[in-house]
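Please read the structure below before turning to the comments.
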Amino acid sequence: MPKVQSPKLIINLDLLRPQSDPEKILTKLVRWLLKSGRYIFIFVEAIVLIAFAARFKLDEDLASKKEAIEQQIPYIESLKNYEILVRQTQLKLATIDSFYKTYPDYSEILKHIASQTPASIKIISLTMEKDVGKVAININAQAQNNNDLAIFLGGLKQDQLFSDVEIGSVGFDKGNLNFSLNAQAKLGGTNL
């Protein structure tokens, strides 16, 4: 019966390589390239072949897309008049929108003036002129006494729509107080 050797006692000796002389780095690199380099080479070649095969499919897809686009060109050219019409309409709408953003809301300004005017004040004339960013207001009116004028002037000064509220002139005529008043109304503040 042969002797059974214990696996603990097995020693692997490589007698072809001397143990005392360490290998140089260049030798290790060449040995590694010979062992694993062929796998790297096969992997790179596989990628090149896949890319070459994919190129045929991508060229075919590109040609079919070009053909589909060329077939759609007459239809797109037939819609040119509609596109011009839509662009003109958009330009008109933008012009109208910019006009209304800078256009003063005179009815809102008149409502604010009416809400601040006491019943005993009679407005003789009212002029509004649009300036850049504001509306200049000139009011000529008659009041029966100073309190009505003070209430009217105070109400306009407290209203956030108006600024630079000043009395232009004051005079008496037949027991009534005639006055002129100047103010500025904000263009963007009419939605207060």
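What does the helix-only formula give at 222 nm for the chain: each DSSP H stretch with n ≥ 4 adding -39500 (n - 2.57), the total divided by the residues, and the result rounded to the nearest 500 deg cm²/dmol? Mind showing how you got there, number by number?
On the way: 4 runs with 101 residues, N = 192.
Dividing the helical sum by the residues of the chain leaves -18500 deg cm²/dmol.
Over 22 Å between Cα atoms: which of Lys8/Lys28; Lys122/Lys157; Lys130/Lys157; Lys111/Lys134; Lys92/Lys134 fall into that group?
Numbers: Lys8/Lys28 29 Å; Lys122/Lys157 19 Å; Lys130/Lys157 20 Å; Lys111/Lys134 17 Å; Lys92/Lys134 25 Å.
Too far apart for the 22 Å limit: Lys8/Lys28; Lys92/Lys134.
What distance in nm separates the simple spin-label points at Ile76 and Lys24, each placed 7 Å from Cα in the Cβ direction?
Result for the modelled spin labels: 6.6 nm.
Mind checking which lysines have their Cα closer than 23 Å to the Cα of Lys57? Skip sequence neighbours fewer than 8 apart in that chain.
Leaving aside lysines fewer than 8 places away in the same chain, those within reach of Lys57 are Lys65, Lys66.
Between Asn145 and Tyr100, how high is the FRET efficiency from 1/(1 + (r/R0)^6) when r is the Cβ-Cβ distance and R₀ = 35 Å? Nearest 0.05.
Using R0 = 35 Å, I get an efficiency of 0.25.
Is the C-alpha gyration tensor of region 55-101 telling us rounded, prolate or oblate? Criteria: a/c under 1.5 is rounded; beyond that, a/b larger than b/c is prolate, otherwise oblate.
oblate
In whole Å, what are the extents of the chain along the principal axes defined by its C-alpha atoms, from largest to smallest?
149, 59, 38
Just so you know, all these numbers are worked out from the coordinates, no wet-lab data involved. It should be emphasised that the depicted structure is a prediction, and the values quoted were computed from it without experimental measurement. For neighbour counting, all protein chains shown are included, and Cβ atoms are generated from backbone atoms with ideal geometry for every residue, glycine included.
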